[in-house]
Every structure is written in structure tokens, then in C-alpha cells.
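Structure, as C-alpha cells:
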Amino acid sequence: MNFFAAALMGLLLRLMYVAPIESVNFQFLLHGHSRVAMLGWVYLMLFSLIVHSFVPLEAQQKPVYNKLFWVTQVAVIGMMVRFPFEGYALLSIAFSTLHIFCSYYFCWLIWNDSQPDSQPKKQLLRTALVFMIVSTFGVWFLGPAVGLLGKASAFYQIAIQFFLHFQFNGWFMFAVLALFFHQWKIKIDEKKFHVFYILLVIATILTFALAVSWYLSNPILYWINGVGLVLQLIAFVLFIKIIKPHFHTFFNSLQTLEKIVYGFALFSLTLKIGIQLVTLVPELAQVSHQIRNFVIGYIHLTLLGMISSFLFGCNLQNKFLNAKSSLVNWGIKIFLLGFVLTEILLFTQGIYLFFKIGEFPMYQQNLFIVSIGLPAGLLLLTISIYRHKSKLT
């Protein structure tokens, strides 16, 4: 439901480019959309899957997990309702703060209760939790940044990027990898994994230099980012080597829809790494931030293409979504089609701006039309889930 709400908010944002709505503040709505997508969909889905996958059944049945989930959901609903109307104000900040403290408590519970069946999975899961906590430092720095230097300052912008970078590339990425290896149920080559893990952690830290370079001009930042990207590429090659011997066995055990979403997630991961490599060229690194279409396209590639597709796969494999349901099949396929078409338009328009060609014909209208596929697909999934619940009841 949260994902559907976030998609509707995103569709409204795109409608505002076609037909401006005076009563809606675009920036406030954008704040609400991003928080519901990240904290209402990805965070709570990872919460549920991590507890299901790594916490023993007797510990899962503790009332604290259920209570914490719903308190976190209250925080998400609070942000969903307040941000579009007031932006950063008393209530929206209060709900954001509540979510952060809930996430700290979640980390403490999982650190103590989780029992992954191998050391690699344990390392990935605990690293994800550490990165989640580290990412929130960026949020705590926003207040001092505004008070001392204002919202236009480099300090304020870097604090925002710090939060986003270590959420997406730290907490989300490492949590997804822990779940990924859990779903594959393969014996991991621990020597290769150790090198892969070390390189990926270092790369995650070093590639934050790119975001810093957008606000502080210093050539050394491009070199730091470049080293991080090279290490990330090597880590990706090692990742392929780790899963390759088991690839066909795993995929042959999947249903068609599961193959589609897992394949889509891996393809999106490959594209993400490829796009990041483009920023090895300093001029292109700066352009990647200046052209908003590239920024939105990249964020959606990571959140919708890679992370969300993998989460769909986990839900299908664990039977939380029924792969045989026509609503689920159509819902996921419509969602993915809408995502692909929006990405094509976003990056095409970005290329038009890069080469100073102008605007792609009827760009905003076309982007709004194809974006309808995102909430439409999620609506079908939501209906399917509620139908399944009613049958169980």
C-alpha cells in the first residue's frame, strides 16, 4: 500500500509539469513522495524480509517486532500526510525523527536476534545495519547546517547526499545482498566473498566523494571517486564469479515471473554500475548532477529497477505474492513496463539536454502517460494481496 501511495504521489508530480496545480506545493510533495518510497516501501519491506529470513521463529513471535512494525508504519503515514502540506515543519520532522529512532531499535533487535546460517550472510546483514545508522548522521547534521549556513550552503547539500548515498549504496544494497544469498541457498566461496566484501565496503565509502565534488571543487575528489568505482567494478566481477556456478541451478528452480523479476534486478544492477563508470570522466561527473533527468533516472534505476525488482522476487519465492495469480502477473509486468518506458524517456531527454538539442517532442505529456503504468501495476498487486488476505480470513 505504501508503494502504491508513493507511486500516486510521483504521478501527481509528473502531472504538475503538464497541468500545474496551484494548491499543491511541488517541493513539499516531492519530500513526501521520496520518504514514502524509501522508508514506507523499501525500509519496511526489508524489515519484514530480514525478520522472516534471519530471525528464528521463536524470536519472530516476540510482540516487539509486530509493535515496532506498526509504530514505524505510523511514522510513515505521518510523513505521507504532513510533508506534502508543510514540508520541513514541526510534525513532519517529528514523524521523521520517530522513524529514525524506530530504525535504531530495529538494528539493535536484529543485531541480537538474527542467526544467519553462514558468516558471509552475517557480515552483509550487520554491515547493512551499520550503514543504516551511519546514513542517519546526515539527517542530524541538517539542523546545524540550516542554522549556521542556510539551505543553500554546501554543508546542507552534502548532509542530504550523505544520507541518500549510505541509504541506497549502503543499507539498501548490503541488505539486499544478504537476502539475495539467503534466497539462493548456495555454498559461498568464502575466499572470493571476503575480497568481494572488503572491496565493496571500501568502494561504498569512497564513491561518496562524487556527491561531495558537486558542491566542493577539488580535483582529488574525482580521483577518490575513480578509485572507488574501479574497486566497485572488481567487486561486481567477483560477485558474478561467486554466483555463476550456481546460476542455472537457481534459475531453473524458479517460476517464470520469478525469473523475470530476478533477471530484471540483476540487469538493473549491471546498468547502475555501468552508468556510475561514466563519472570517471570529470566533465561527465559534473553533468550527471546538473541534468536533473539523469539524476531521477539513476535514482529510479536503483530503487525501482534493482531493489524493488529483487524485493518482488523475494516476496514471490516466499509465497507472500502468488506467482500464479493473474493480478500479480499483470501487476508486476505493467509496473516493469511503465518503469522501462519512463527510464527511456528520462535518459533520452537527458541526452537531448546534454547535446543542447532542446526538448524531446511532448516529453512531459509522454512521461506522464507512461508513468500511469507504475501505480496501475501496484494497484493490481495491492488488490491481489487484500483478496488473498480475505480468503485466508
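The values are calculated or read from the model by the stated rules, or taken from the named source; none is laboratory data. These numbers were taken from a predicted model, which means no experiment stands behind them. Neighbour counts are summed over all protein chains in view; Cβ atoms, including those assigned to glycine, are modelled from backbone coordinates with ideal geometry.
Within the range 328-382, the set of residues being more than 20 Å from Tyr298 (Cα to Cα), of a type in the set (A, V, I, L, M, F, W, C) and part of a loop (DSSP other than H, G, I, E, B) comprises Ile357, Met362. Here Pro116 passes the criteria (1) crowded, with 16+ Cβ neighbours inside 10 Å; (2) part of a helix (DSSP H, G or I) except the one numbered (2). Based on this model, can you work out whether Leu301 counts as surrounded by fewer than 21 Cβ atoms within 10 Å (Cβ to Cβ), aliphatic (A, V, I, L, M), touching an Asp or Glu at 6+ places or on another chain (Cβ under 7 Å) and part of a helix (DSSP H, G or I)? When the stated conditions are applied, Leu301 passes them. Filtering the range 202-244 to residues that are touching a residue at least 60 places away in the same chain (Cβ under 8 Å) and not in a helix (DSSP H, G or I) leaves Thr207, Trp214, Tyr215, Leu216.
Screening the range 340-364 for residues that are in contact with a Phe, Trp or Tyr (Cβ under 9 Å, 6 or more places away or on another chain) and in contact (Cβ under 8 Å) with a residue 24 or more places away in the chain and picking the one that is nearest to Val18 (Cα to Cα) gives Gln364. Entry remark, the range 309-327: residues being touching a Ser or Thr at 6+ places or on another chain (Cβ under 6 Å) and part of a helix (DSSP H, G or I) number 1 in total.
Residues are listed down the side, and each one gets a yes or a no for (1) out of contact with any Ser or Thr (no Cβ under 6 Å at 6 or more places or on another chain); (2) surrounded by fewer than 20 Cβ atoms within 10 Å (Cβ to Cβ); (3) basic (Lys, Arg); (4) within 30 Å of Phe69 (Cβ to Cβ):
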residue	(1), (2), (3), (4)
Phe106	yes, no, no, yes
Leu129	yes, no, no, yes
Phe162	yes, no, no, yes
Phe168	no, no, no, yes
Phe172	yes, no, no, yes
Gln183	yes, yes, no, yes
Phe193	yes, no, no, no
Ile198	yes, yes, no, no
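For residues in the range 147-163 being among the hydrophobic types (A, V, I, L, M, F, W, C) and part of a loop (DSSP other than H, G, I, E, B), which is farthest from Ser213 (Cα to Cα)? Among those that are among the hydrophobic types (A, V, I, L, M, F, W, C) and part of a loop (DSSP other than H, G, I, E, B), it is Leu149. Of Gln183, Gln157, Gln123, all but one fail to be within 22 Å of the chain's Cα centre (by Cα) and farther than 23 Å from Met45 by Cα; the exception is Gln157. Residues in the range 243-275 that are hydrophobic (A, V, I, L, M, F, W, C) and either modelled with pLDDT of 90 or more or within 20 Å of the chain's Cα centre (by Cα) (or both): Leu257, Ile260, Val261, Phe264, Ala265, Leu266, Phe267, Leu269, Leu271, Ile273, Ile275. Selection of the range 18-55 for residues being surrounded by 17 or more Cβ atoms within 10 Å (Cβ to Cβ) and among the β-branched types (Val, Ile, Thr) yields Val36, Val42, Ile50, Val51, Val55. Filtering the range 44-100 to residues that are under 20 Å from the mean Cα position of the chain (by Cα) and not in a helix (DSSP H, G or I) leaves nothing.
Whenever a residue of the range 79-93 is over 13 Å from His33 (Cα atoms) and among the charged types (D, E, K, R), its partners that are assigned to a helix (DSSP H, G or I) and at pLDDT below 90, lying with C-beta atoms within less than 8 angstrom and at least six residues away or across chains, give the pairs Glu86/Ser92. Residues of the range 209-234 that are over 23 Å from the mean Cα position of the chain (by Cα) and within 18 Å of Ile198 (Cβ to Cβ): Ile224, Val227. Set side by side, the residues Val55, Val64, Val51 differ, and just one is more than 30 Å from Asp189 (Cα to Cα) and either in contact with a strand residue (DSSP E or B) (Cβ under 9 Å, 6 or more places away or on another chain) or among the aliphatic types (A, V, I, L, M) (or both), which is Val64.
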